[in-house]
Amino acid sequence: MQLGPFAEVRLAFTGGDGWARSSRNPKQSKCLQQRVVDPAASMGSLRLKHVGAEDPVPFDFNVIVGNVTVGPFQCRFTESSAEDFPLGIDWREHLEPRTGCLRLRVQALLA
């Protein structure tokens, strides 16, 4: 996916420890045995991975979870081709009422 004029990226959503330990997670029993690695990501995070051939230009962006805007975040890809961005909100509170689906959007911020 092309994120604005900045970088070609892949997005991956991680539900976090709250989801992993919930009864709605089919793999809950495995997760109960594991410890939280990053408390900041306990409510979920978004991972951006640079997949383009060119060096990416640093950029800022927001994540829209349901109808709530989280951010801005700064993506620099300085140390690796992937960066994690903890959402800091409980995304489970923003599921669509009728379907139970989560709507995530990424909004590139132009300077």
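Where a number appears in this text, it was derived from the coordinates with a stated rule and is not lab data. Bear in mind the structure is a predicted one, so any value in this text is a computation, not a measurement. For neighbour counting, all protein chains shown are included, and Cβ atoms are generated from backbone atoms with ideal geometry for every residue, glycine included.
Electrostatic bookkeeping for residue 56 treats Lys and Arg as +1 and Asp and Glu as -1; over the other residues with beta carbon under 11 Å from its beta carbon, the sum is -2.
Could you compute the net charge surrounding residue 74? Neighbours are other residues with a C-beta less than 14 Å from the C-beta of residue 74; K and R count +1, D and E count -1. If you can, show how the numbers build up before the last one.
On the way: positive: 76; negative: 60, 79, 83, 84.
That works out to -3.
The amide H of residue 51, built 1.01 Å from its N in the peptide plane, has 8, 9, 10 as neighbours under 5 Å, considering only residues 5 or more places off or on other chains.
Add +1 for every Lys or Arg and -1 for every Asp or Glu among the other residues with Cβ under 15 Å from the Cβ of residue 89, and state the total. Walk me through the numbers before you get to the answer.
On the way: positive: 92, 103, 105; negative: 17, 90, 93.
Here the charged neighbours net out to 0.
Using 0.36 nm per residue and subtracting the Cα-Cα separation, the extra length available between residue 10 and residue 84 on full extension is 25.5 nm.
Coupling constants for region 94-103 follow from the phi torsions by the Karplus curve (6.51 cos²θ - 1.76 cosθ + 1.60, θ = phi - 60°), and in residue order they are 10, 6, 5, x, 7, 9, x, 7, 9, 9 Hz; glycine and proline get x.
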